[in-house]
Amino acid sequence: MELLCPSAKRRRSEDLAAGEPPPRATEATEAANLGPTTHSEEPPPPPDAGGGGGGGGGDVDRISGLPDAVLGEIVSLLSTKEAGRTQILASRWRHVWLASPLVIDGRDLCTKPKGLRDDKLFTAVNEALASAVSLILSAHPGPGRRFCVPPHYLHDRPATVDAWLSSPALHNLQELDFWEGKHMTHRYDRPYPLAPPPASTFRFSATLRVATLSKCELPDSSVEGIHFPHLKQLGLENVSFSEGSLHTMISSCPVLECLLLNDIFGVGCLRISSNTLRSIGVGTDSYCCRDNLQLLQEVIIVDAPCLERSLCLGSFKPTNLTIISAPKLETLGCLDDDCFERTRLVFGTIFIQGLKVVSLTTTLSSVKTLAVASYSINLDMVIELMKCFPCLENLYIKSYISGEMNRWRRKHRDFIKSSYIHLKKIVLMYRGIRSQINFASFFLLNARELELMRLKVGNTNYNEAFFAEQYGMLQMEKRASRGARLHFTNKTCTHRIHVNHVRDLSVANPFECTE
(Lines give C-alpha, C1' and ligand atoms only; values in the text may rest on other atoms or scores of the structure.)
Protein backbone atom coordinates (compact mmCIF):
# COMPACT_ATOMS: atom_id res chain seq x y z
CA MET A 1 0.00 0.00 0.00
CA GLU A 2 1.49 3.35 -1.04
CA LEU A 3 0.65 6.39 1.05
CA LEU A 4 1.00 9.91 -0.32
CA CYS A 5 0.47 13.27 1.35
CA PRO A 6 -2.30 15.48 -0.17
CA SER A 7 0.19 17.58 -2.13
CA ALA A 8 1.81 14.50 -3.62
CA LYS A 9 -1.63 13.11 -4.58
CA ARG A 10 -2.44 16.39 -6.30
CA ARG A 11 0.86 16.32 -8.22
CA ARG A 12 0.24 12.70 -9.26
CA SER A 13 -3.19 13.68 -10.60
CA GLU A 14 -1.60 16.51 -12.57
CA ASP A 15 0.97 14.11 -14.01
CA LEU A 16 -1.74 11.66 -15.09
CA ALA A 17 -3.81 14.46 -16.60
CA ALA A 18 -0.81 15.53 -18.64
CA GLY A 19 -0.35 12.01 -19.92
CA GLU A 20 2.81 11.46 -17.89
CA PRO A 21 3.20 8.01 -16.33
CA PRO A 22 3.18 7.87 -12.54
CA PRO A 23 6.63 7.84 -10.88
CA ARG A 24 8.00 4.48 -9.87
CA ALA A 25 10.94 3.36 -7.83
CA THR A 26 14.16 2.91 -9.76
CA GLU A 27 16.37 -0.15 -9.37
CA ALA A 28 18.54 1.84 -6.98
CA THR A 29 15.51 2.74 -4.90
CA GLU A 30 14.41 -0.88 -4.77
CA ALA A 31 17.95 -1.93 -3.86
CA ALA A 32 17.82 0.42 -0.89
CA ASN A 33 14.84 -1.50 0.50
CA LEU A 34 16.78 -4.56 1.69
CA GLY A 35 15.25 -6.86 4.24
CA PRO A 36 11.69 -7.10 5.53
CA THR A 37 9.81 -3.84 5.82
CA THR A 38 6.51 -2.96 7.43
CA HIS A 39 3.96 -0.84 5.62
CA SER A 40 1.87 1.56 7.62
CA GLU A 41 -1.89 1.06 7.27
CA GLU A 42 -2.66 4.35 9.01
CA PRO A 43 -4.49 6.93 6.89
CA PRO A 44 -2.63 10.06 5.77
CA PRO A 45 -2.75 13.02 8.16
CA PRO A 46 -5.67 15.43 7.84
CA PRO A 47 -5.12 18.70 5.95
CA ASP A 48 -4.70 20.66 9.19
CA ALA A 49 -2.05 18.31 10.61
CA GLY A 50 0.77 20.68 9.77
CA GLY A 51 3.38 20.97 7.08
CA GLY A 52 1.93 23.94 5.29
CA GLY A 53 2.95 26.67 7.67
CA GLY A 54 1.05 29.87 8.14
CA GLY A 55 -2.66 30.02 7.41
CA GLY A 56 -2.60 28.25 4.07
CA GLY A 57 -3.55 24.84 5.47
CA GLY A 58 -1.61 21.61 5.75
CA ASP A 59 -2.03 20.70 2.04
CA VAL A 60 0.39 23.41 0.92
CA ASP A 61 3.65 21.73 -0.13
CA ARG A 62 6.32 24.18 0.99
CA ILE A 63 9.23 21.75 0.70
CA SER A 64 8.82 20.96 -3.00
CA GLY A 65 9.00 24.66 -3.75
CA LEU A 66 12.55 24.93 -2.49
CA PRO A 67 15.40 25.28 -5.02
CA ASP A 68 16.98 22.08 -6.29
CA ALA A 69 20.26 22.84 -4.58
CA VAL A 70 18.54 23.10 -1.18
CA LEU A 71 16.50 19.94 -1.74
CA GLY A 72 19.66 18.10 -2.75
CA GLU A 73 21.37 19.05 0.51
CA ILE A 74 18.33 17.89 2.48
CA VAL A 75 18.23 14.55 0.67
CA SER A 76 21.96 14.01 1.21
CA LEU A 77 21.37 14.22 4.98
CA LEU A 78 18.80 11.40 4.92
CA SER A 79 19.60 7.74 5.36
CA THR A 80 20.43 5.84 2.18
CA LYS A 81 16.99 4.18 2.11
CA GLU A 82 15.06 7.37 2.76
CA ALA A 83 17.05 9.31 0.16
CA GLY A 84 16.32 6.74 -2.55
CA ARG A 85 12.64 6.63 -1.66
CA THR A 86 12.18 10.36 -2.28
CA GLN A 87 12.00 9.54 -6.00
CA ILE A 88 8.49 8.10 -5.62
CA LEU A 89 7.01 11.19 -3.94
CA ALA A 90 6.17 13.04 -7.17
CA SER A 91 7.67 13.95 -10.51
CA ARG A 92 9.19 17.03 -8.89
CA TRP A 93 11.36 14.74 -6.73
CA ARG A 94 12.52 12.23 -9.36
CA HIS A 95 15.78 13.92 -10.19
CA VAL A 96 16.58 15.34 -6.73
CA TRP A 97 18.27 12.22 -5.37
CA LEU A 98 20.32 11.84 -8.55
CA ALA A 99 21.41 15.48 -8.32
CA SER A 100 22.27 15.38 -4.60
CA PRO A 101 25.64 14.28 -3.16
CA LEU A 102 25.66 10.50 -2.84
CA VAL A 103 25.60 8.90 0.61
CA ILE A 104 25.96 5.11 0.91
CA ASP A 105 25.78 3.76 4.45
CA GLY A 106 25.83 0.01 4.94
CA ARG A 107 24.01 0.39 8.25
CA ASP A 108 20.97 1.65 6.37
CA LEU A 109 21.10 -1.00 3.67
CA CYS A 110 21.22 -4.19 5.72
CA THR A 111 18.84 -5.57 8.30
CA LYS A 112 19.51 -8.05 11.07
CA PRO A 113 17.67 -11.25 10.19
CA LYS A 114 16.65 -13.79 12.79
CA GLY A 115 19.09 -16.61 13.38
CA LEU A 116 22.04 -14.45 12.36
CA ARG A 117 24.60 -17.00 13.49
CA ASP A 118 23.61 -19.22 10.64
CA ASP A 119 26.37 -18.80 8.03
CA LYS A 120 23.82 -18.97 5.24
CA LEU A 121 21.97 -15.97 6.59
CA PHE A 122 25.23 -14.12 7.11
CA THR A 123 26.19 -14.79 3.51
CA ALA A 124 22.74 -13.74 2.27
CA VAL A 125 22.93 -10.39 4.06
CA ASN A 126 26.37 -9.70 2.66
CA GLU A 127 25.33 -10.68 -0.86
CA ALA A 128 22.30 -8.41 -0.67
CA LEU A 129 24.34 -5.50 0.66
CA ALA A 130 27.01 -5.92 -2.02
CA SER A 131 24.35 -6.01 -4.77
CA ALA A 132 22.64 -2.92 -3.38
CA VAL A 133 25.88 -0.94 -3.24
CA SER A 134 26.75 -1.90 -6.82
CA LEU A 135 23.30 -0.92 -8.09
CA ILE A 136 23.33 2.45 -6.35
CA LEU A 137 26.81 3.28 -7.66
CA SER A 138 25.76 2.41 -11.20
CA ALA A 139 22.59 4.52 -10.97
CA HIS A 140 23.95 7.67 -9.31
CA PRO A 141 26.22 10.08 -11.24
CA GLY A 142 27.90 11.48 -8.11
CA PRO A 143 29.65 13.32 -6.61
CA GLY A 144 30.09 11.28 -3.43
CA ARG A 145 29.73 12.60 0.09
CA ARG A 146 29.98 9.48 2.27
CA PHE A 147 30.79 5.83 1.61
CA CYS A 148 30.44 3.40 4.51
CA VAL A 149 30.63 -0.42 4.34
CA PRO A 150 31.73 -3.13 6.80
CA PRO A 151 35.53 -3.55 6.85
CA HIS A 152 35.44 -7.31 6.39
CA TYR A 153 34.73 -6.63 2.70
CA LEU A 154 38.39 -5.60 2.46
CA HIS A 155 39.26 -9.18 3.37
CA ASP A 156 36.41 -11.09 1.70
CA ARG A 157 35.82 -9.05 -1.48
CA PRO A 158 38.90 -6.93 -2.30
CA ALA A 159 38.15 -6.80 -6.04
CA THR A 160 34.56 -5.69 -5.38
CA VAL A 161 35.70 -2.95 -3.00
CA ASP A 162 38.27 -1.77 -5.54
CA ALA A 163 35.54 -1.54 -8.20
CA TRP A 164 33.30 0.41 -5.82
CA LEU A 165 36.00 2.89 -4.89
CA SER A 166 36.90 3.37 -8.57
CA SER A 167 33.33 4.32 -9.46
CA PRO A 168 32.82 7.84 -10.88
CA ALA A 169 29.88 8.19 -8.48
CA LEU A 170 32.35 8.57 -5.58
CA HIS A 171 34.32 11.37 -7.21
CA ASN A 172 35.28 14.07 -4.66
CA LEU A 173 34.32 11.78 -1.76
CA GLN A 174 34.40 13.54 1.62
CA GLU A 175 33.89 10.66 4.08
CA LEU A 176 35.30 7.15 3.74
CA ASP A 177 34.25 4.77 6.48
CA PHE A 178 34.98 1.06 6.69
CA TRP A 179 32.55 0.65 9.57
CA GLU A 180 32.29 -2.43 11.76
CA GLY A 181 28.64 -3.46 11.96
CA LYS A 182 28.06 -5.05 15.36
CA HIS A 183 25.54 -7.52 13.94
CA MET A 184 28.11 -8.74 11.41
CA THR A 185 31.06 -9.40 13.67
CA HIS A 186 30.48 -12.96 14.89
CA ARG A 187 32.45 -14.44 11.99
CA TYR A 188 35.29 -12.00 12.61
CA ASP A 189 35.89 -12.21 16.34
CA ARG A 190 39.08 -14.19 15.67
CA PRO A 191 42.27 -12.75 14.14
CA TYR A 192 42.63 -13.29 10.42
CA PRO A 193 45.33 -12.14 7.99
CA LEU A 194 45.26 -8.38 7.44
CA ALA A 195 45.52 -7.29 3.83
CA PRO A 196 46.26 -3.86 2.35
CA PRO A 197 43.22 -1.90 1.15
CA PRO A 198 42.85 -1.42 -2.63
CA ALA A 199 45.02 1.26 -4.19
CA SER A 200 41.84 3.13 -5.13
CA THR A 201 41.25 3.80 -1.41
CA PHE A 202 43.59 6.75 -1.50
CA ARG A 203 42.40 8.33 -4.72
CA PHE A 204 40.22 10.56 -2.52
CA SER A 205 43.11 11.90 -0.45
CA ALA A 206 42.67 15.42 -1.84
CA THR A 207 38.99 15.69 -0.80
CA LEU A 208 38.51 13.48 2.29
CA ARG A 209 37.46 15.17 5.53
CA VAL A 210 36.64 12.04 7.58
CA ALA A 211 38.30 8.63 7.20
CA THR A 212 38.05 5.41 9.21
CA LEU A 213 40.11 2.38 8.24
CA SER A 214 39.60 -0.95 9.99
CA LYS A 215 40.91 -4.50 9.81
CA CYS A 216 43.65 -3.89 7.27
CA GLU A 217 47.38 -3.48 6.84
CA LEU A 218 49.00 -0.28 5.62
CA PRO A 219 52.51 -1.03 4.33
CA ASP A 220 55.03 1.72 3.66
CA SER A 221 54.36 1.64 -0.08
CA SER A 222 50.64 2.40 0.34
CA VAL A 223 51.13 5.65 2.30
CA GLU A 224 54.37 6.88 0.78
CA GLY A 225 53.91 10.34 -0.71
CA ILE A 226 50.27 10.52 0.37
CA HIS A 227 48.75 13.84 1.51
CA PHE A 228 45.37 14.67 3.07
CA PRO A 229 45.05 18.47 2.92
CA HIS A 230 41.45 18.56 4.25
CA LEU A 231 41.27 15.53 6.56
CA LYS A 232 40.05 16.56 10.03
CA GLN A 233 39.00 13.21 11.53
CA LEU A 234 41.07 10.03 11.21
CA GLY A 235 40.07 6.73 12.82
CA LEU A 236 42.32 3.66 12.73
CA GLU A 237 41.00 0.48 14.31
CA ASN A 238 42.63 -2.96 14.21
CA VAL A 239 45.18 -1.74 11.68
CA SER A 240 48.75 -2.93 11.20
CA PHE A 241 51.45 -0.34 10.49
CA SER A 242 55.17 0.00 10.51
CA GLU A 243 56.29 2.82 12.76
CA GLY A 244 57.31 4.88 9.74
CA SER A 245 53.96 4.36 7.99
CA LEU A 246 51.95 5.51 11.00
CA HIS A 247 54.09 8.62 11.41
CA THR A 248 53.74 9.33 7.69
CA MET A 249 49.96 8.88 7.81
CA ILE A 250 49.49 11.32 10.70
CA SER A 251 51.99 13.91 9.49
CA SER A 252 50.28 13.98 6.08
CA CYS A 253 47.17 15.51 7.72
CA PRO A 254 47.99 19.21 8.28
CA VAL A 255 44.50 20.13 9.58
CA LEU A 256 43.84 16.99 11.65
CA GLU A 257 41.60 17.65 14.68
CA CYS A 258 40.44 14.19 15.87
CA LEU A 259 42.61 11.05 15.96
CA LEU A 260 41.34 7.62 17.05
CA LEU A 261 43.89 4.81 17.51
CA ASN A 262 42.30 1.58 18.66
CA ASP A 263 43.98 -1.83 18.47
CA ILE A 264 47.00 -0.65 16.51
CA PHE A 265 49.63 -3.27 15.68
CA GLY A 266 53.20 -3.08 14.45
CA VAL A 267 54.16 0.06 16.41
CA GLY A 268 55.35 0.03 20.00
CA CYS A 269 55.68 3.77 20.63
CA LEU A 270 54.21 6.75 18.79
CA ARG A 271 55.37 10.36 19.15
CA ILE A 272 52.87 13.03 18.06
CA SER A 273 53.36 16.71 17.35
CA SER A 274 50.42 18.58 15.86
CA ASN A 275 49.41 22.23 15.81
CA THR A 276 45.77 21.38 15.03
CA LEU A 277 44.94 18.22 17.02
CA ARG A 278 42.06 18.77 19.49
CA SER A 279 41.05 15.24 20.53
CA ILE A 280 42.88 11.94 20.71
CA GLY A 281 41.57 8.53 21.74
CA VAL A 282 44.00 5.64 22.25
CA GLY A 283 43.57 2.13 23.57
CA THR A 284 42.84 -1.52 23.06
CA ASP A 285 39.14 -2.21 23.05
CA SER A 286 39.07 -5.91 22.25
CA TYR A 287 40.65 -9.24 23.08
CA CYS A 288 41.97 -9.57 19.55
CA CYS A 289 45.72 -10.25 19.76
CA ARG A 290 48.23 -10.89 17.00
CA ASP A 291 51.18 -12.74 18.45
CA ASN A 292 53.53 -11.86 15.63
CA LEU A 293 52.81 -8.11 15.77
CA GLN A 294 53.67 -5.60 18.46
CA LEU A 295 50.77 -3.75 20.04
CA LEU A 296 50.87 0.03 20.42
CA GLN A 297 51.84 0.46 24.06
CA GLU A 298 52.94 4.07 24.45
CA VAL A 299 51.91 7.42 23.01
CA ILE A 300 53.98 10.56 23.62
CA ILE A 301 52.31 13.91 22.95
CA VAL A 302 55.40 15.99 22.27
CA ASP A 303 53.66 19.22 21.29
CA ALA A 304 49.92 19.75 20.86
CA PRO A 305 49.01 23.39 21.58
CA CYS A 306 45.32 22.89 20.71
CA LEU A 307 44.75 19.49 22.38
CA GLU A 308 41.62 19.58 24.58
CA ARG A 309 40.67 15.92 25.09
CA SER A 310 42.88 12.92 25.79
CA LEU A 311 40.87 9.71 26.11
CA CYS A 312 41.94 6.23 27.16
CA LEU A 313 39.78 3.67 25.34
CA GLY A 314 39.20 0.17 26.60
CA SER A 315 41.07 -1.52 29.39
CA PHE A 316 42.11 -4.93 28.06
CA LYS A 317 45.72 -3.84 27.69
CA PRO A 318 46.36 -0.21 28.65
CA THR A 319 48.38 2.24 26.61
CA ASN A 320 50.85 4.43 28.47
CA LEU A 321 50.49 8.14 27.80
CA THR A 322 53.08 10.86 28.20
CA ILE A 323 52.10 14.48 27.60
CA ILE A 324 55.04 16.86 27.30
CA SER A 325 53.17 19.93 26.07
CA ALA A 326 49.39 20.33 25.86
CA PRO A 327 48.52 23.62 27.58
CA LYS A 328 44.81 23.50 26.68
CA LEU A 329 44.09 19.96 27.86
CA GLU A 330 40.66 20.02 29.56
CA THR A 331 39.23 16.49 29.43
CA LEU A 332 40.99 13.36 30.63
CA GLY A 333 39.95 9.74 31.19
CA CYS A 334 38.86 7.16 31.71
CA LEU A 335 41.72 6.41 34.12
CA ASP A 336 41.53 2.99 35.70
CA ASP A 337 43.59 0.38 37.50
CA ASP A 338 41.41 -2.64 36.76
CA CYS A 339 44.05 -4.11 34.45
CA PHE A 340 46.86 -6.28 35.71
CA GLU A 341 49.17 -3.89 33.84
CA ARG A 342 48.10 -0.48 35.06
CA THR A 343 48.08 2.54 32.79
CA ARG A 344 50.95 4.97 33.27
CA LEU A 345 50.25 8.67 32.77
CA VAL A 346 52.96 11.31 32.79
CA PHE A 347 52.15 15.03 32.60
CA GLY A 348 55.37 16.95 33.04
CA THR A 349 56.31 16.17 36.66
CA ILE A 350 52.98 14.45 37.43
CA PHE A 351 53.32 10.65 37.41
CA ILE A 352 50.17 8.54 37.86
CA GLN A 353 50.26 4.74 37.84
CA GLY A 354 46.72 3.40 37.53
CA LEU A 355 44.95 5.78 39.91
CA LYS A 356 47.84 6.20 42.32
CA VAL A 357 49.75 9.46 42.25
CA VAL A 358 53.39 8.39 42.36
CA SER A 359 54.95 11.85 42.15
CA LEU A 360 53.67 15.41 42.05
CA THR A 361 55.73 18.58 42.04
CA THR A 362 53.61 20.77 39.76
CA THR A 363 49.90 20.72 38.98
CA LEU A 364 47.89 20.73 35.77
CA SER A 365 45.32 23.49 36.15
CA SER A 366 43.84 23.23 32.66
CA VAL A 367 42.02 19.92 33.28
CA LYS A 368 38.32 20.52 34.00
CA THR A 369 36.78 17.07 33.40
CA LEU A 370 38.07 13.74 34.73
CA ALA A 371 36.68 10.18 34.61
CA VAL A 372 38.04 7.34 36.77
CA ALA A 373 37.19 3.68 37.28
CA SER A 374 38.42 1.02 39.68
CA TYR A 375 37.19 -1.80 41.87
CA SER A 376 38.48 0.02 44.94
CA ILE A 377 38.00 3.75 44.50
CA ASN A 378 38.04 5.66 47.77
CA LEU A 379 38.12 9.26 48.94
CA ASP A 380 41.86 9.31 49.59
CA MET A 381 42.53 8.31 46.00
CA VAL A 382 40.21 10.96 44.56
CA ILE A 383 41.64 13.74 46.75
CA GLU A 384 45.17 12.89 45.58
CA LEU A 385 44.00 13.16 41.97
CA MET A 386 42.32 16.49 42.75
CA LYS A 387 45.68 17.77 43.96
CA CYS A 388 47.04 17.03 40.49
CA PHE A 389 44.13 18.80 38.83
CA PRO A 390 43.18 21.62 41.24
CA CYS A 391 40.70 23.32 38.89
CA LEU A 392 38.62 20.19 38.27
CA GLU A 393 34.92 20.94 37.64
CA ASN A 394 33.41 17.64 36.49
CA LEU A 395 34.15 14.25 38.07
CA TYR A 396 32.78 10.96 36.71
CA ILE A 397 33.27 7.82 38.80
CA LYS A 398 32.47 4.79 36.68
CA SER A 399 32.39 2.17 39.44
CA TYR A 400 31.12 1.83 42.99
CA ILE A 401 32.88 3.56 45.86
CA SER A 402 34.23 0.82 48.06
CA GLY A 403 37.14 -0.05 50.32
CA GLU A 404 37.64 2.01 53.44
CA MET A 405 34.94 3.90 55.31
CA ASN A 406 36.10 7.20 53.79
CA ARG A 407 36.13 9.10 57.06
CA TRP A 408 37.50 12.53 56.35
CA ARG A 409 36.80 15.16 59.02
CA ARG A 410 40.14 14.75 60.77
CA LYS A 411 42.11 12.99 58.08
CA HIS A 412 41.63 15.64 55.39
CA ARG A 413 41.06 18.81 57.43
CA ASP A 414 44.37 20.29 56.21
CA PHE A 415 43.29 19.75 52.59
CA ILE A 416 39.93 21.34 53.28
CA LYS A 417 41.54 24.41 54.87
CA SER A 418 44.21 24.91 52.21
CA SER A 419 42.36 23.93 49.04
CA TYR A 420 39.40 25.38 47.20
CA ILE A 421 37.23 22.71 45.58
CA HIS A 422 36.00 23.90 42.18
CA LEU A 423 33.84 20.85 41.43
CA LYS A 424 30.46 21.68 39.92
CA LYS A 425 29.26 18.24 38.85
CA ILE A 426 29.84 14.76 40.28
CA VAL A 427 28.42 11.54 38.85
CA LEU A 428 28.81 8.23 40.70
CA MET A 429 27.17 4.86 41.25
CA TYR A 430 25.45 4.68 44.62
CA ARG A 431 23.84 2.15 46.96
CA GLY A 432 23.62 4.21 50.13
CA ILE A 433 26.15 2.24 52.17
CA ARG A 434 28.23 4.07 54.77
CA SER A 435 31.44 4.41 52.70
CA GLN A 436 29.46 5.98 49.85
CA ILE A 437 27.57 8.29 52.19
CA ASN A 438 30.85 9.54 53.66
CA PHE A 439 32.33 9.99 50.18
CA ALA A 440 29.37 11.96 48.82
CA SER A 441 28.94 14.06 51.97
CA PHE A 442 32.56 15.22 51.76
CA PHE A 443 31.81 17.06 48.54
CA LEU A 444 28.34 18.21 49.53
CA LEU A 445 29.71 19.79 52.71
CA ASN A 446 32.90 21.26 51.23
CA ALA A 447 32.45 22.02 47.52
CA ARG A 448 31.15 25.57 47.51
CA GLU A 449 30.57 25.70 43.75
CA LEU A 450 28.80 22.33 43.46
CA GLU A 451 25.71 22.45 41.25
CA LEU A 452 24.76 18.80 40.74
CA MET A 453 25.51 15.41 42.24
CA ARG A 454 24.00 12.64 40.17
CA LEU A 455 23.63 9.34 42.00
CA LYS A 456 23.01 6.24 39.90
CA VAL A 457 21.03 3.77 42.01
CA GLY A 458 19.54 0.33 41.38
CA ASN A 459 15.86 -0.21 40.70
CA THR A 460 15.24 -1.48 44.23
CA ASN A 461 16.41 1.85 45.68
CA TYR A 462 14.67 4.02 43.14
CA ASN A 463 11.79 5.21 45.30
CA GLU A 464 10.77 8.26 47.33
CA ALA A 465 11.49 6.62 50.69
CA PHE A 466 15.13 5.94 49.74
CA PHE A 467 15.53 9.46 48.35
CA ALA A 468 14.20 11.07 51.52
CA GLU A 469 16.43 8.91 53.71
CA GLN A 470 19.54 9.82 51.71
CA TYR A 471 18.76 13.54 51.84
CA GLY A 472 19.02 13.25 55.61
CA MET A 473 22.06 10.94 55.66
CA LEU A 474 23.96 13.23 53.28
CA GLN A 475 23.12 16.32 55.40
CA MET A 476 21.76 18.27 52.47
CA GLU A 477 20.58 21.04 54.80
CA LYS A 478 24.26 21.75 55.62
CA ARG A 479 25.59 21.67 52.04
CA ALA A 480 28.28 24.21 51.24
CA SER A 481 26.63 25.28 47.99
CA ARG A 482 23.04 26.36 48.48
CA GLY A 483 22.40 25.72 44.80
CA ALA A 484 23.63 22.12 44.91
CA ARG A 485 21.07 19.51 43.82
CA LEU A 486 20.85 15.76 44.25
CA HIS A 487 19.59 13.86 41.23
CA PHE A 488 18.81 10.17 41.60
CA THR A 489 18.59 8.06 38.47
CA ASN A 490 18.17 4.35 37.79
CA LYS A 491 19.63 4.58 34.31
CA THR A 492 22.86 2.67 34.63
CA CYS A 493 25.42 3.07 31.89
CA THR A 494 27.85 0.22 31.27
CA HIS A 495 30.17 2.32 29.11
CA ARG A 496 33.11 4.04 30.71
CA ILE A 497 33.51 6.26 27.69
CA HIS A 498 31.13 6.92 24.79
CA VAL A 499 33.46 6.72 21.81
CA ASN A 500 32.42 4.27 19.10
CA HIS A 501 33.62 6.26 16.11
CA VAL A 502 36.14 8.99 15.40
CA ARG A 503 33.25 11.47 15.14
CA ASP A 504 32.56 10.91 18.84
CA LEU A 505 35.91 12.47 19.69
CA SER A 506 34.48 15.88 18.82
CA VAL A 507 31.85 15.57 21.58
CA ALA A 508 32.69 17.98 24.40
CA ASN A 509 31.99 15.43 27.17
CA PRO A 510 32.38 11.78 26.10
CA PHE A 511 31.71 10.49 29.65
CA GLU A 512 28.15 11.78 29.79
CA CYS A 513 25.56 9.12 29.00
CA THR A 514 22.97 10.44 26.54
CA GLU A 515 20.93 7.23 26.17
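The values are calculated or read from the model by the stated rules, or taken from the named source; none is laboratory data. No experiment lies behind these values; they were computed from the predicted model shown. Don't worry about glycine lacking a Cβ; one is built from the backbone with ideal geometry, like all the others, and counts go over all protein chains shown. For accessibility, only protein heavy atoms count, side chains too; no ligands or nucleic acids. Shrake-Rupley method; radii C 1.70, N 1.55, O 1.52, S 1.80 Å.
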* Asked: From the phi of every residue in the range 153-162, what ³J(HN,Hα) in whole Hz does the Karplus formula 6.51 cos²θ - 1.76 cosθ + 1.60 yield, where θ is phi - 60° and glycine or proline is x?
  -> 5, 4, 8, 7, 9, x, 5, 5, 4, 4
* To do: Please turn the phi angles of the range 251-266 into ³J(HN,Hα) values with the Karplus equation 6.51 cos²θ - 1.76 cosθ + 1.60 (θ = phi - 60°), one per residue in order, whole Hz, x for glycine and proline.
  => 5, 7, 10, x, 10, 4, 10, 10, 10, 10, 10, 10, 6, 9, 10, x
* Order of exposure, largest accessible area first, which applies to 494, 123, 331 with probe 1.4 Å -> 494, 123, 331
* Structure fact -> On the accessible surface of the range 400-515, probed at 1.4 Å with all protein chains in place, carbon and sulfur together account for a percent value of 47
* Asked: Contour minus end-to-end for residue 420 and residue 220, with contour as 0.36 nm per residue of separation and end-to-end as the Cα-Cα distance?
  -> 66.8 nm
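What full-extension length gain, to one decimal in nm, is calculated for residue 475 and residue 162 as 0.36 nm per residue of separation minus the Cα-Cα distance?
That pair, residue 475 and residue 162, stretches by 106.1 nm at full extension.
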* **Derived scalar couplings ³J(HN,Hα) [the range 205-219; Karplus, 6.51 cos²θ - 1.76 cosθ + 1.60; whole Hz; x for Gly, Pro]** => 4, 6, 10, 5, 10, 9, 9, 10, 10, 9, 6, 8, 10, 10, x
* Asked: Which distance in nm do the two modelled labels at residue 384 and residue 361 give, with both placed 7 Å along the Cα-to-Cβ direction?
  -> 1.9
* Structure fact -> Honestly the range 371-515 on the Cα gyration tensor test (a ≥ b ≥ c root eigenvalues; a/c under 1.5 rounded, otherwise a/b vs b/c for prolate or oblate) is just oblate
* Structure fact -> Of 430, 375, ordered by accessible area with the largest first and a 1.4 Å probe, the sequence is 375, 430
* Of 463, 373, 363, which is farthest along the charge dipole of the range 363-515 in the positive direction, counting Lys and Arg as +1 and Asp and Glu as -1 at C-beta? -> 363
* How large is the charge dipole for the range 219-283, taken about the Cα centre, if only the Cβ atoms of Lys, Arg (+1) and Asp, Glu (-1) carry charge, to the nearest 20 debye? -> 260
* Beyond 22 Å between alpha-carbons counts as too far, so tell me which of 215/398; 356/456; 368/411; 387/424; 398/491 fall in that bin. => 215/398; 356/456; 368/411
* Given a 1.4 Å probe and every protein chain left where it sits, what share in percent of the accessible area of the range 211-306 is carbon and sulfur? -> 46
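What is the antiparallel percent of DSSP beta bridges lying wholly in the range 390-515, to the nearest 5? Write down the numbers at each step before the final one.
On the way: 0 of 14 bridges.
Given both bridge residues lie in the range 390-515, the antiparallel proportion sits at roughly 0 percent.
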* To do: Give the percent of DSSP beta bridges with both residues in the range 327-472 that are antiparallel, rounded to the nearest 5.
  => 30
